[in-house]
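Student: This is the structure I have questions about; it appears just below.
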Amino acid sequence: MNTTWLIKNGRIIDPVNHTDQIRDLLVIDGRIALPEQAAPPKVAEIDAAGCWVVPGLTDMHVHLREPGEEYKEDILSGARAAAVGGFTGVACMPNTKPVNDCRAVTAMILACAAQAAVRVYPVGAISKGLEGHQLAEFGEMQAAGVVAVSDDGRPVRDSQLMRRALEYASDFGLIVIAHCEEESLSSGVMNEGAMSTRLGLKGIPTAAESIMVYREIALAEFTGTRVHIAHVSTAMSVDLIRSAKARGVQVTAETAPHYFTLTDAAVAEYDTHTKMNPPLRSVADREAIQRALADGTLDAIATDHAPHSILEKETEFDAAANGIIGLETALPLALTLVREQVIDAKRLVELMAVNPAAILGIPAGTLSPGATADITLIDPEREFLYTEEQVVSKSRNTPFLGWRLQGRAMLTMVGGAIRHTLLD
């Protein structure tokens, strides 16, 4: 396999090295060439004219469903979808069956990922079985290869357990990814507001999220440890995170493309592909999320890719499973923010490549000389109709089917090997 490439005429955007210019990029033996390295006499060329050449994107929040629910997605199919979406690495959440709460499951995931199209970074459970009663063995899981811990899909109800999780994870250099949900307030199926009243659906108030965001911030501040807030959806959560950062609390946070693209108005036709947790919120919440991406309050865009089969989605709204797939649509949806001048190209690369890698502590997010050649080529103008036939994921649960999207990953390179390309 050829791992020596000359990527020509592309717009190199590398925030780590303060680079934004049109020039060539040389890849030798799977790494970004050092200044003293010259191109060999015979080198494969990639014409990147009209494309951005950026560090490979990292999605720090996906559900790959393996082990246990491979009919929805498996590691190989999820990795293929990631490559098509421009991601060179994904961090997979532990709510599998069995839960990734021990060395054996972590090792199994990494063994399955050995043949995957992109890099797969397992996230271990905070509590054994995600039951919220007893901490999992963080040290054992870290030694096996986890990059973070989370009970994603469920909140850690016990504040003392969450405190201990933050302290224990800090001992091993792991970040805690918090699923912020006050369950006594979140028994509904969509955002609480005028739309839920009109549709006759039980609502989930924004306070169900923000109350727990406040708790996690308070615990991180009290213990002097790091915490990462997953899938932020509300203006109040944004305000809490912004204030905490101003005080020096070690808090980072992510949102997902559906929260800066859609609102609860999308639920109007009872389409179960618009059902997720946290739910789609109001216009004001969406605007707050967009501002927070621009001003640095939110650090990352993550998909929360959550595949479900028709068994879980083709049912009445109340009974349908939460979640949508997102690996193949995240980039074009984020590029909409660039076109609308909410963020610029550099900020997009920070949100989708630089910051996720930094938060997880993985060697990615840069085109520095000597770095592993994980690279994404993006055509910000490329339009396509997103149809069911194009979906690479095993599942089709997305509200964006039939949308005409603009901006696409034209090539995804992992360690110098091309994993996806639309270039001629």
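Laboratory data are not the source of any read-out in this text; all were calculated from the coordinates shown. Keep in mind that what you see is a predicted model, and the values were worked out from it rather than measured. Ideal geometry is used to build each Cβ from the backbone, glycine not excepted, and the neighbour counts take in all protein chains shown.
Student: If one computes the Cα centroid of segment 284-331 and of segment 132-183, what distance in Å separates the two points?
Tutor: 22
Student: Note down the nm distance, to one decimal, between modelled labels 7 Å out along Cα→Cβ at R339 and at E183.
Tutor: Rounded to a tenth, the inter-label distance reads 4.2 nm.
Student: Then there is this: If neighbour count is taken as other Cβ atoms inside 10 Å, put L337, L405, L240, L385 in order from fewest to most. Present the calculation step by step, with values, prior to reporting the outcome.
Tutor: Numbers: L337 21, L405 18, L240 26, L385 11.
Exposure proxy ranking, most exposed first: L385, L405, L337, L240.
Student: Counting other Cβ atoms within 10 Å of each Cβ, which chymotrypsin sites (Phe, Trp or Tyr not before Pro) in segment 177-275 have at most 15 and sit in a DSSP loop?
Tutor: On the way: sites: Y214, F222, Y259, F260, Y270; in loops: Y270.
Taking segment 177-275 and a limit of 15 other Cβ atoms within 10 Å, the loop chymotrypsin sites (Phe, Trp or Tyr not before Pro) found are Y270.
Student: Return C92, C112, C51 ranked ascending by Cβ neighbour count within 10 Å, so the fewest neighbours appear first. Before the final figure, lay out the partial values.
Tutor: Numbers: C92 28, C112 18, C51 24.
Going from sparsest to densest Cβ surroundings: C112, C51, C92.
Student: At 37 °C and a viscosity of 0.692 mPa s, what translational diffusion coefficient does Stokes-Einstein give for segment 1-114, taking Rh as the Kirkwood radius over Cα pairs? Give it in µm²/s as a whole number.
Tutor: Diffusion coefficient, whole number: 198 µm²/s.
Student: Let me ask something additional. Count of lysine pairs in the chain with Cα atoms under 13 Å apart, counting only pairs 8 or more residues apart in sequence or on different chains? Mind showing how you got there, number by number?
Tutor: Working: K72/K97; K72/K313; K72/K394; K97/K128; K202/K275; K275/K313.
Going through the chain pair by pair, I get 6.
Student: So for the chain, averaging the separation of alpha carbon pairs under 8 Å that are six or more residues apart and normalising by length, what relative contact order in percent results? All intermediate terms of the calculation are to be shown ahead of the outcome.
Tutor: Details: 1063 pairs, mean separation 87.5, N = 424.
Result for the chain is 21 percent.
Student: So for K8, K42, fewest C-beta neighbours within 10 Å to most, what's the order? Write down the numbers at each step before the final one.
Tutor: Values: K8 16, K42 7.
Placing the least packed residue first, the sequence is K42, K8.
Student: Does a label point 7 Å from the Cα of A268, set along Cα-to-beta-carbon, have any residues of segment 281-321 with amide nitrogen under 15 Å, and which are they?
Tutor: Residues passing the 15 Å test: 282-283.
Student: Among DSSP beta bridges lying fully in the chain, give the percent that are antiparallel, nearest 5. Each step should come with its number before you reach the end.
Tutor: Values: 28 of 57 bridges.
Rounded to the nearest five, the antiparallel share is 50 percent.
Student: Could you identify which residue out of S77, S184, S210 has the top mean-square fluctuation in a GNM of the chain using Cα springs shorter than 10 Å?
Tutor: For the chain, modelled as a Gaussian network with Cα springs under 10 Å, the answer is S184.
Student: Suppose we look only past 31 Å in the calculated P(r) of segment 56-360. What percent of the Cα-Cα pairs does that tail hold?
Tutor: On the way: 10499 of 46360 pairs.
Summing the P(r) tail past 31 Å for segment 56-360 gives 23 percent.
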